[in-house]
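Notes to accompany the following structure.
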Amino acid sequence: MSDTVILFEDEGFQLFLPLVYSRPVYELRCGIFTLRERLSAMLVRQPAAICRAHLAAVYGTGRWPLRLLAEQNPLLFVNGRATDLPWLAALMAEPLNTIYISAGPHGQPVLVGARLSPTLASAVLLDMLEQRVANALEELRRFARVVEVQASLLTYPWDLITANGEQIARDVPLLSRAAGWASAADRPVERADVVVHNPAQVWLHPQARLDGPLVLDARDGPIVIDAAHV
């Protein structure tokens, strides 16, 4: 029985206003992907999601996603402010009713992820739907096993920029699973006026268009070109 993976927003979304008035925090792009896209690539399936009421019909699983509880699968919650997810595989292997917490910027505990039974999840679901995750964490501490982990979380809007370069490098391996993407080493650029340094680290969307004269120098880090004209 596979876990039902659910993205959630916590109180930290408020620091990203006005960027998140019209989208959940897990739909902000840092690196190559948004967190929802990154999870989809890692799991090869779409995660479920819960968020603020006015966004739930478009970005979430509905205002009252009770079917997530009715399926009786273990529920694996992932904080929507997470960037890299090195702890995800370990959490998926944990016994039921295990929570992962990490220290926030001021030392306060932050719920990073949780693997819960539907019964325990039902006790905190309302708080999580209303972004009262600190209340949910207090309740979960009473009944769940608590594990402290090191986790990267977006805290302020400028983190989307400062963390972007390192996150691109971490995301590149996931591109090999995406349809059509290839490195310039696997699909060489056949133009004499386009020079590519370290082609294994230059990743191109199949609709990318390169017009020279142009130099792509990936010796200091990967270059990723989406369906763009350069």
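The values are calculated or read from the model by the stated rules, or taken from the named source; none is laboratory data. Because the structure is a prediction, the values reported are computed rather than measured. Cβ placement follows ideal geometry from the backbone for every residue including glycine, while neighbour counts extend to all protein chains displayed. Only protein heavy atoms, including side chains, enter the accessible area calculation; ligands, DNA and RNA are left aside. Shrake-Rupley method; radii C 1.70, N 1.55, O 1.52, S 1.80 Å.
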Those residues of region 185-230 which are under 17 Å from Asp171 (Cβ atoms) and touching a residue at least 24 places away in the same chain (Cβ under 8 Å) amount to Gln201, Trp203, His205, Gly221, Pro222, Val224
When region 1-35 is examined, which residues are found to be modelled with pLDDT of 95 or more and surrounded by fewer than 18 Cβ atoms within 10 Å (Cβ to Cβ)?
-> Glu11, Gln14, Leu15, Leu17, Pro18, Leu19, Tyr21, Ser22, Arg23, Arg29
Test for Leu69: is it out of contact with any strand residue (DSSP E or B) (no Cβ under 7 Å at 6 or more places or on another chain), open to solvent by less than 70 Å² (accessible area, probe 1.4 Å) and farther than 26 Å from Gly165 by Cβ = yes
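Considering Arg36, Arg67, which residue is touching a residue at least 12 places away in the same chain (Cβ under 8 Å) and among the basic types (Lys, Arg)? Walk me through it before giving the result.
Details: Arg67 fails: touching a residue at least 12 places away in the same chain (Cβ under 8 Å).
Sole residue among the options that is touching a residue at least 12 places away in the same chain (Cβ under 8 Å) and among the basic types (Lys, Arg): Arg36.
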Within region 1-51, can you find the residues that are part of a loop (DSSP other than H, G, I, E, B) and aromatic (Phe, Trp, Tyr)?
-> Tyr21
Would you check if Leu91 is touching a Lys or Arg at 6+ places or on another chain (Cβ under 6 Å), open to solvent by less than 10 Å² (accessible area, probe 1.4 Å) and assigned by the TED database to the domain that holds Glu138?
-> yes
Say we look at region 42-52 and pick out the residues that are in contact (Cβ under 8 Å) with a residue 60 or more places away in the chain and more than 22 Å from Leu175 (Cβ to Cβ); which of these is least open to solvent (accessible area, probe 1.4 Å)?
-> Ile50
Number of the exception - Leu69 against (1) at pLDDT 90 or above; (2) of a type in the set (A, V, I, L, M); (3) farther than 12 Å from Phe8 by Cβ = (1)
Name the strands (runs of 3 or more DSSP E) wholly inside region 137-230 in which the number of residues that are open to solvent by 40 Å² or more (accessible area, probe 1.4 Å) is 1 or more.
-> 145-148, 194-197, 214-217, 223-225
